[in-house]
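Worksheet: the structure to be examined is printed underneath.
The values are calculated or read from the model by the stated rules, or taken from the named source; none is laboratory data. All of these numbers come straight from a predicted model, not from anything done at the bench. What goes into the accessible areas is simple: the full protein's heavy atoms, side chains included, and nothing from ligands, DNA or RNA. Shrake-Rupley method; radii C 1.70, N 1.55, O 1.52, S 1.80 Å.
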Amino acid sequence: MKLKFTGIFILLLATTTAIAQQQKALPRSNAFIDLSGTIGSTQGTVAVAYVYNLRTGKNRRLEAGLGLRNTVYLGTKKDFITAGPASLTRTSTTPFLIFFAGQREENFDTLTVQRPFTNSLNATINLGYNISKNFYAGFNIDLIGFTVGSKTSGIFNSNGKTTTEPVAKPAAFNLLLTGDHDYGSLNSEFFLKYKVADRWSVKALYQFIFIEYKTTTMHQIAADGTVITRFRNKANNFGIGVSYSLNKN
């Protein structure tokens with residue numbers, strides 16, 4: 001009899017454990033809307049994004065997917081340096097490894113844009129991990145899209161000579177190719193979210209963003225004869241945001 005009850009107890013325990021494990025497993029997908037704001041030195045951004053991730057791994061805690069993000073950037077008297085080609089701005093042009101390459105500052109010219117303002121719409125790639133029931137860590141980066149924005153005057157400094165650029169304008173096409181191979185305006189975030197309600201979370205984030213402007217009347221002539229009209233501001237900003245889950249609980 002004792003052996004029989006022991007067997008029943010083990011069976012019940014195994015069944016309870018299996019049910020508990022099933023309850024801990026997250027849904028197969030995660031969809032949410034983000035609103036973020038960041039600030040840096042005389043510049044800032046506001047971004048809204050839609051994200052759809054598929055989950056995998058043990059209890060589906062790891063997730064990856066695509067999204068769509070609109071990023072508005074504005075600043076005051078920001079310096080934009082030569083944006084490329086990478087062969088002129090970096091000591092190595094190997095994709096991804098270019099992040100660790102030295103800068104060839106002797107080839108940098110500067111465009112100081114008086115009042116930069118851009119509005120970028122980009123597809124994104126997103127990664128996330130559900131640390132616990134309430135904490136979620138993630139990373140995202142823009143892949144491809146387009147930018148519109150205001151034309152403005154600027155100060156162009158080339159080889160120690162300063163001239164006025166009457167019409168600087170945002171680069172229209174955005175494409176992620178890694179580092180100084182990139183084109184246009186691209187946003188990326190590392191963030192940590194905390195769930196405060198059934199569908200609502202707050203988040204803290206670190207942002208690395210490229211903003212690119214082009215000259216229309218002035219241009220840089222590199223030593224090899226390359227004509228350069230693209231200039232980039234690279235910003236490291238911090239911010240906060242809110243997130244609304246579209247999943248049914």
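Rounded to the nearest 500, what is the 222 nm mean residue ellipticity of the chain from helices alone, with -39500 (n - 2.57) per DSSP H run of 4+ residues and division by all residues?
The per-residue figure over the chain is -3500 deg cm²/dmol.
Note the count of lysine pairs whose C-alpha atoms are less than 15 angstrom apart in the stretch 30-245, limited to pairs 8 or more residues apart or on different chains.
Number of lysine pairs found: 17.
Taking a probe of 1.4 angstrom, what is the accessible area of LEU66 in Å², to the nearest 10?
Answer for LEU66: close to 110 Å² accessible.
Carbon and sulfur atoms: what percent of the 1.4 Å accessible area of the stretch 30-245 do they account for?
64
Taking only C-alpha pairs under 8 Å that are 6+ residues apart, what is the relative contact order of the stretch 30-245 in percent?
Working: 619 pairs, mean separation 46.1, N = 216.
21 percent.
If every alpha-carbon in the stretch 160-236 counts as one equal scatterer, what log10 I(q)/I(0) does Debye give at q = 0.14, 0.17, 0.22 1/Å?
Relative scattering, expressed as log10 I(q)/I(0), comes to -0.63, -0.79, -1.06.
So, for the chain, what is the accessible surface per residue at a probe of 1.4 Å, expressed in square angstrom?
Result: 55 Å² per residue.
Taking the structure as given and computing percent of Cα pairs over 30 Å apart, which label from (1) 40; (2) 32; (3) 21 fits?
Recomputing percent of Cα pairs over 30 Å apart here gives the entry labelled (1).
So what J values fall out for the stretch 181-192 if you push phi through Karplus, 6.51 cos²θ - 1.76 cosθ + 1.60 with θ = phi - 60°, rounded to Hz, Gly and Pro as x?
Values, residue by residue: 7, 5, 10, x, 9, 9, 10, 8, 9, 10, 8, 10 Hz.
Amide H of SER29: which non-local residues (sequence gap of 5 or more, or other chain) have their own amide H closer than 5 Å, using H built in the peptide plane?
Distant-sequence amide H within range of SER29: ARG55.
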